[in-house]
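Values quoted throughout were computed directly from the atomic coordinates according to the rules given, and no laboratory measurement underlies them. It should be emphasised that the depicted structure is a prediction, and the values quoted were computed from it without experimental measurement. Cβ atoms come from the backbone with ideal geometry, glycine included; neighbour counts cover every protein chain shown.
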Amino acid sequence: MNLPTSRQTLIVGGGIGGLAAALACSRAGSRVALFERTPVFAEVGAGVQLGPNVMRLLHGWGLQAAMARVAAFPERLQVRSAVSGTELGVLRLGDTAVARYGAPYATVHRADLHGVLLAAVQEHPSVQLHLNQAVQSFQQQADQVRLQWVNGQGALSDMSGDVLVGADGLWSQVRQQLLGDGAPVATGHLAYRGLVQQSTLPVHLRSQQVTAWLGPRLHVVQYPVRGGEWLNVVAIVHGQMNGPAENWDHSANAADLAAHLAGTCATLQDLVQAMPDWRLWALNFRAPMRNALEQARGRVALLGDAAHPMLPYLAQGAGMAVEDAHELGLALAQAADQRRDMTALLARFAVKRWQRNARVQARAMRNGQIFHATGWLRWGRDASLKILGERLLDMPWLYAKV
Ligand SMILES: Cc1cc2nc3c(=O)[nH]c(=O)nc-3n(C[C@H](O)[C@H](O)[C@H](O)COP(=O)(O)OP(=O)(O)OC[C@H]3O[C@@H](n4cnc5c(N)ncnc54)[C@H](O)[C@@H]3O)c2cc1C
């Protein structure tokens, strides 16, 4: 797209969502100022799965080659019982996903995805990146929105723009001012995340596929990242973490995780014990979005976890942030026409996005109940997976073009 750079978009947050938004908005012809409170861009040392719905958009932004250099493209997703180790079902990925959905299923280190987006953003001279700037507040006015932030030296600054995008994550400041709906809710679920170089693992533990191990009140997901050279493992169990929930990242105690996994099969226990280091997260979420006003009001839009934090049981939180960014770009492409009302464009963006985001949030919650099922529900789940396999595991409503 080659549109006049006229409108000014202000973005709070330089995570995957904020950078995707910066890229989509600058491609749509907007000037972008992005504010990130940390002094350097950084991402958590963990992996992320990206369905074909997300990869299709990244390819559309010209990132196919860059993603191919850093991602892994698993041939299949296998579901196994965490207790017996038996295979419950398989979803073919690889060429099958490309044939079905026009893009691959990828698994990638978050820092690599973040790096690909950052490099793409930096190629756009219309984007200014402001690090070490913590956004405090904003004011909506008739013809603009004004943003205040504090820089690394503690000085207050401000800037006006046509629209403001809150991509400031789970504990979003922008959301609090816009919606005032309180803090996210603790789920009572904990996520242990680990990464290991595959060459250091015994051969029987190395893997180039996605494996989801389902057990009572727990599940574990493993997949390759960094071109397949590293293995990412996420174990989710029921439990509480001591300390304030805002402190997302804690050094985890491998012994605690081992206790949670007592009673699981030997292969899974071997894998967990082979991991050199675990990081621990308490999982928080919000109920699914109820209307478009939770996605945008006036000149302010919310995007990614700021708008719809979700449980990671559908592996689509970052995916929905990328989809939000894409739709925002489509809306702002129309803003090059100076007669277009920005609030109407953002309202249209919100109408386009909120129901899909709500559906994905709800499905992620339901997956949690199914993955962690006990008793008869667990029996029914395993039987259904064995009989229906791919028909249960494939999700055309999610992966196909919307
Ligand atoms: C265990 C786990 C596994 C997951 N697996 C997957 C997966 O496989 N696939 C998937 O798609 N998703 C997955 N997710 C979800 C995904 O990680 C998130 O949905 C996604 O990272 C959200 O990105 P974001 O940019 O919206 O928010 P964030 O990544 O939280 O970024 C917000 C940014 O805003 C900045 N910020 C905050 N406040 C301010 C302020 N006041 N001023 C300036 N800057 C500010 C922060 O420093 C940060 O850089 C997983 C999540 C978890 C916990």
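Peptide packing: for 65-76, 201-212, the average count of neighbouring Cβ atoms within 10 Å per residue gives the ranking 65-76, 201-212, highest mean first.
Would you please name the chymotrypsin sites (Phe, Trp or Tyr not before Pro) within segment 138-175 that are DSSP coil residues with at most 15 other C-beta atoms within 10 Å of their C-beta? Passing sites in segment 138-175 do not exist.
Using every pair of distinct Cα positions in segment 336-402, the Kirkwood expression returns a hydrodynamic radius of 15.1 angstrom.
Give me the log10 of I(q) over I(0) for segment 26-161 at q = 0.12, 0.14, 0.18 Å⁻¹, as the Debye formula computes it from C-alpha points; what are the numbers? Debye output, listed in q order: -0.68, -0.82, -1.06. In a fully extended conformation the segment linking residue 141 and residue 255 would gain 35.6 nm over its present Cα-Cα distance, using 0.36 nm per residue.
Considering only 49, 385, 212, the residue lying farthest towards the positive end of the dipole of the chain is 385, judged by Cα position with unit charges set on Cβ.
Compute the relative contact order of the chain as a whole-number percentage, counting only Cα pairs closer than 8 Å that sit 6 or more residues apart in sequence. Each step should come with its number before you reach the end.
Values: 889 pairs, mean separation 90.2, N = 402.
Over the chain, the number comes to 22 percent.
Find the all-direction average of the projected area of the Cα convex hull for the chain, expressing the result in square nanometres with one decimal place.
19.1 nm²
Per-residue packing, averaged as other Cβ atoms within 10 Å, sorts the ranges 376-383, 128-135, 314-321 into the order 314-321, 128-135, 376-383, beginning with the highest. For the listed peptides 139-145, 45-51, 85-91, a ranking on the average number of other beta carbons within 10 Å per residue, highest first, reads 45-51, 85-91, 139-145. The string of couplings for segment 364-372 from the Karplus curve (6.51, -1.76, 1.60, θ = phi - 60°) is 5, 4, 5, 4, x, 5, 6, 4, 9 Hz, one whole number per residue in order, with x for Gly and Pro.
For segment 111-127, 3J(HN,Hα) computed residue by residue from phi via the Karplus equation (6.51, -1.76, 1.60; θ = phi - 60°) reads 5, 5, 4, 4, x, 5, 5, 4, 4, 5, 4, 5, 7, 9, x, 7, 9 Hz, glycine and proline entered as x. For the chain, the share of DSSP beta bridges that are antiparallel, to the nearest 5, is 70%. Listed by Cβ neighbour count within 10 Å, with the fewest neighbours leading, 341, 324, 158 appear as 341, 158, 324.
Between residue 386 and residue 68, residue separation times 0.36 nm minus the direct Cα-Cα distance comes to 111.2 nm. Residue separation of residue 100 and residue 123 scaled by 0.36 nm, minus their Cα-Cα distance, works out to 5.1 nm of gained length.
At 37 °C and 0.692 mPa s, grab the translational diffusion coefficient of segment 110-257 from Stokes-Einstein with a Kirkwood Rh over Cα pairs, rounded to a whole number in µm² per second. Once the numbers are plugged in, D ends up at 169 µm²/s. For segment 119-231, the relative contact order comes to 14 percent (Cα pairs under 8 Å, sequence separation of at least 6).
Just check segment 276-402 against the gyration tensor rule for me: Cα atoms, a ≥ b ≥ c as the square roots of the eigenvalues, rounded for a/c under 1.5, and otherwise prolate or oblate depending on whether a/b exceeds b/c. Here segment 276-402 falls in the prolate category.
Divide the volume of the convex hull around the Cα atoms of segment 36-88 by the residue count and you get 157 Å³ per residue.
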